[in-house]
Amino acid sequence: MLVHFVTDEPGKIPAIRAMLEPQHRVTAQLLGAGEADTASNGVLMVDADLRQMARVEQIKHVLSELRDVTEKLFVVQSHLQQMVSQAYALGATGVIRSSREMVSKLDQIEAAARAARANLDDQSPEISKSATALISMFSTIRRGESLNFSDAEYATSQIISAIEQNGLTAWLDDVRRYHEGTFQHCLLVTGVAVGFALDIGFAGPDVKRLGMAATLHDIGKARIPLSILDKPAHLTPDEDAIMRNHPVIGFELLEDLPGVTPEVLDGVRHHHEFLDGSGYPDGLTASQISDVVRMLTVSDIFAALVETRPYRPAMSREQAYQILCGMEGKLERALVRAFRNVALGSK
């Protein structure tokens, strides 16, 4: 595996090469000494003093040059805990504190990459294509670029095709087998929303409108720090407050984008609103919440309950549906009843 090693101390480069080669191929860059290789694969590993603002600015430049590298590891010694938050603020996907941890982490990344390649060979083309489009959308936003709306349309069309051909149960099983985290959730929510729309007899254009709102409902999470988004535990109150910004962030990312419909914007901003006014971000009540949002909210909650989270196992579809039935006053009762066939897997 290719490792791009970036440091502010020349003496660290031979040590890293001795540790990682020949198992991994190491390219090294000294901060302030030239441009980074503009590769899109491998792992970026940064070992520099993040307490120095000059170094931080140089690292930001390197990150912009290597923006397509998905794994970004920062080396932070155990006695410099104050640098951990700075590392995540710069976009770290992981922090390592020792040589042993470094080797172990690279082995994990390499094993995950092998498993992902194997899974891509097995999964349905609709899952592969829609997941690729979602990854493209999130990556584009994280790079500070404008979202390509056609990616969302393509992902939605692939999911609609899969649900029409094979049903929702096959979609849920396959997505949960091959994907995790935010991408799994987006794929599940869109599949559930499309299955719901088809089950109650929506016409094609209406299925697509709800599907588009579902595909983009969590796009604001592309701007949430990965340390919060991928945290393997419950969020702290402060972290939860940051996470709750994602509907507004998503709305602002999309509101001036050509082709985005009012229904999509409504779904993106309001999918966490409840009929009793206890939701967020705007505290809407029943008369202010559209049918699209009501259906999207039911689909979102159900999908979240049947997916595995780091801090809890997935619920059965029956258990998840009982949770929805217990949300009297927050969700529309008639809509939850209409959702029964979808939830319990009769299709």
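The values are calculated or read from the model by the stated rules, or taken from the named source; none is laboratory data. Computed from a predicted structure; not experimentally measured. Backbone-built Cβ (ideal geometry, glycine too); neighbour counts: all protein chains shown. Keep in mind that these areas ignore ligands, DNA and RNA; they rest on the heavy atoms of the full protein, side chains included. Shrake-Rupley method; radii C 1.70, N 1.55, O 1.52, S 1.80 Å.
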Put a dot 7 Å past each Cα toward the Cβ at GLN86 and LEU30; how far apart are the dots in nm?
2.1
Residue-wise HN-Hα coupling along the range 276-281, computed from phi with Karplus coefficients 6.51, -1.76, 1.60 (Hz; x: Gly, Pro)
8, x, 8, x, 9, x
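Rounded to a whole number, what % of the accessible area of the chain do carbon and sulfur atoms account for, probe 1.4 Å?
Values: 8080 of 16070 Å².
The nonpolar share, carbon plus sulfur, comes to 50 percent.
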Working out 0.36 nm times the residue gap between MET1 and ASP49, then minus their Cα-Cα distance, what length gain in nm do you get to one decimal?
14.7 nm
Quick one: which residues, 5+ away or cross-chain, put their amide H under 5 Å from the amide H of GLU71? H built at 1.01 Å from N.
LEU44
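As a check on your grasp of the helix formula, calculate [θ] at 222 nm for the chain: sum -39500 (n - 2.57) over DSSP H runs of n ≥ 4, divide by the residue count, round to the nearest 500.
Rounded to the nearest 500, it is -17500 deg cm²/dmol.
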In degrees from 0 to 90, rounded to the nearest 10, what is the angle of the helix 99-122 Cα long axis to the longest principal axis of the chain?
40
Relative contact order for the range 268-329 using alpha-carbon pairs under 8 Å, separation at least 6, rounded to a whole percent?
23
Spacing of the two label points (7 Å from each Cα toward its C-beta) at ALA286 and LEU344, in nm:
2.5
For the range 124-217: rounded, prolate or oblate by the Cα gyration tensor [a/c cutoff 1.5]:
oblate
Fraction in percent of alpha-carbon pairs per bin - 5 Å, the range 232-347
2, 11, 18, 20, 20, 17, 9, 3, 0
Other-chain or far-sequence residues with amide H under 5 Å of GLY277's (modelled H)
ALA286
Among the listed pairs LYS60/LYS221; LYS72/LYS208; LYS60/LYS231; LYS60/LYS105, give every one whose C-alpha distance is greater than 31 Å.
LYS72/LYS208
All-pairs Cα distance distribution in the range 133-290, expressed in whole percent, bin size 5 Å
1, 9, 17, 21, 21, 17, 10, 3, 0
Cα gyration tensor category, rounded, prolate or oblate, for the range 244-309 with a/c compared to 1.5
oblate
Between the Cα axis of helix 53-65 and the main Cα principal axis of the chain, the angle (0 to 90°, nearest 10) is 60
Residue by residue through the range 239-246, what is 3J(HN,Hα) from phi via Karplus (6.51 cos²θ - 1.76 cosθ + 1.60, θ = phi - 60°)? Round to whole Hz and write x for glycine and proline.
5, 5, 4, 5, 4, 5, 7, 5
Rounded to whole angstrom, the alpha-carbon centroid of the range 1-17 lies from that of the range 207-238 at a distance of 34
Residues with amide H under 5 Å from that of VAL3, placed H, sequence gap 5 or more
ARG25, VAL26, THR27, VAL43
Work out from phi, with θ = phi - 60° and the Karplus expression 6.51 cos²θ - 1.76 cosθ + 1.60, the ³J(HN,Hα) of each residue of the range 5-20, listed in order in whole Hz, and give x for Gly and Pro.
9, 10, 8, 10, 10, x, x, 7, 5, x, 5, 5, 4, 5, 6, 9
For the chain, find the longest principal axis of its Cα atoms and tell me its angle to the long axis of helix 125-142, 0 to 90°, nearest 10.
60
Solvent-accessible area per residue, Å², over the chain with all protein chains present [probe radius 1.4 Å]:
46
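Can you say what percent of the DSSP beta bridges in the chain, counting only those with both residues inside, are antiparallel? Round to 5. Before the final figure, lay out each step's value.
Working: 1 of 20 bridges.
Given both bridge residues lie in the chain, the antiparallel proportion sits at roughly 5 percent.
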Taking each pair of different alpha-carbon atoms in the chain once, compute 1/r for the pair, average those values, and report the inverse of that mean as the Kirkwood hydrodynamic radius in Å to one decimal.
21.7
Order MET243, MET1, most accessible first, counting only protein heavy atoms with a 1.4 angstrom probe.
MET1, MET243
